[in-house]
Amino acid sequence: MAAGDTDVKIASDAMILLGVAEIASFSDGSTRGGIAENLYPFVRDMLLGMYRWSWSMKKVALQQSVTTPANEWTYAYPMPSDSLTGVPVAMFNSTTVGVHPLNSGWDILGADLVTDMTPVVIDYQFRPTEAQMPTYFIQLLKTATAMYFAEPMTDQITKAQHWERVAFGNPAEGGRGGLFRQAAATDSLGSPSQVIADYPLITARLTG
């Protein structure tokens, strides 16, 4: 894990890559601080959601809500507050080892998982702190952040395109090359993972 990394430190390192002055905090009153405060969480969550990173997964037994769903379902189970997407990766109605996930019999209603079953155990992707993220992901995050910071901070689209190639490879790779490919390959060595989303926004952001 990359102990000592923070959101401000990663954003500041991205600014150094762009050749602009770093910041001390998002609220330092500078234009750069305001840009970073608005864009950095988006970039971080985008990267987390692009792949089922092994270190961003949890398995928990959900606690049943005291409120009954106002629909066809019997029980409501609030999703964990640190859930990245608000949707489970897998849902089980048993704590027994080796049971298979269920593809039906549940739904998401607002911030709750609703079902007729009990108990409810889920696998879900959470939002780790920067200090919990491994070094290979931090390096990817810095370059992707530089990509999104480049145009508003330097007004140079060529810098944005350069850091896009470093982070995600050539456009023909569909956002799966560069440091992203390396990070995903490194992560899969410890725990095989799956790509769970495509992000045409990466290329559209720079070519649209």
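The values are calculated or read from the model by the stated rules, or taken from the named source; none is laboratory data. As the structure is a prediction and not an experimental result, all values here were calculated from the model. Positions of Cβ are backbone-derived with ideal geometry, glycine not excepted, and every protein chain shown enters the neighbour counts.
Summary of computed values
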item: Breaking point among (1) under 22 Å from residue 65 (Cα atoms); (2) touching a Leu at 6+ places or on another chain (Cβ under 7 Å); (3) without any contact (Cβ under 8 Å) to a residue 60 or more places away in the chain, for residue 105; result: (2)
item: Yes/no for residue 35 being outside the structural domain of residue 107 (by TED's automatic domain parsing), surrounded by 17 or more Cβ atoms within 10 Å (Cβ to Cβ) and not in a helix (DSSP H, G or I); result: no
item: Matching option when the condition is at pLDDT below 95, of a type in the set (A, V, I, L, M, F, W, C) and not in a loop (DSSP other than H, G, I, E, B), among 144, 172, 160; result: 172
item: Residue tally, condition free of Cβ contacts under 8 Å to residues at least 60 places away in the same chain and closer than 16 Å to residue 138 by Cα, over the range 20-64; result: 1
item: Subset tally (residues that are among the polar types (S, T, N, Q), surrounded by 18 or more Cβ atoms within 10 Å (Cβ to Cβ) and within 23 Å of the chain's Cα centre (by Cα)) for the range 84-127; result: 1
item: Yes/no for residue 68 being within 30 Å of residue 153 (Cβ to Cβ) and either part of a loop (DSSP other than H, G, I, E, B) or outside the structural domain of residue 147 (by TED's automatic domain parsing) (or both); result: no
item: The one condition in (1) within 18 Å of residue 153 (Cα to Cα); (2) modelled with pLDDT of 95 or more; (3) not aliphatic (A, V, I, L, M) that residue 29 fails to fulfil; result: (2)
item: Only listed residue being within 20 Å of residue 50 (Cα to Cα) and touching a Pro at 6+ places or on another chain (Cβ under 9 Å), chosen from 90, 144; result: 90
item: Whichever residue in the range 158-172 is of a type outside the set (A, V, I, L, M) and loosely packed, with under 14 Cβ neighbours inside 10 Å and, among such residues, is nearest to residue 140 (Cα to Cα); result: 170
item: Among the residues listed as 74, 96, 129, 118, the single one being farther than 30 Å from residue 39 by Cβ and without any contact (Cβ under 8 Å) to a residue 12 or more places away in the chain; result: 96
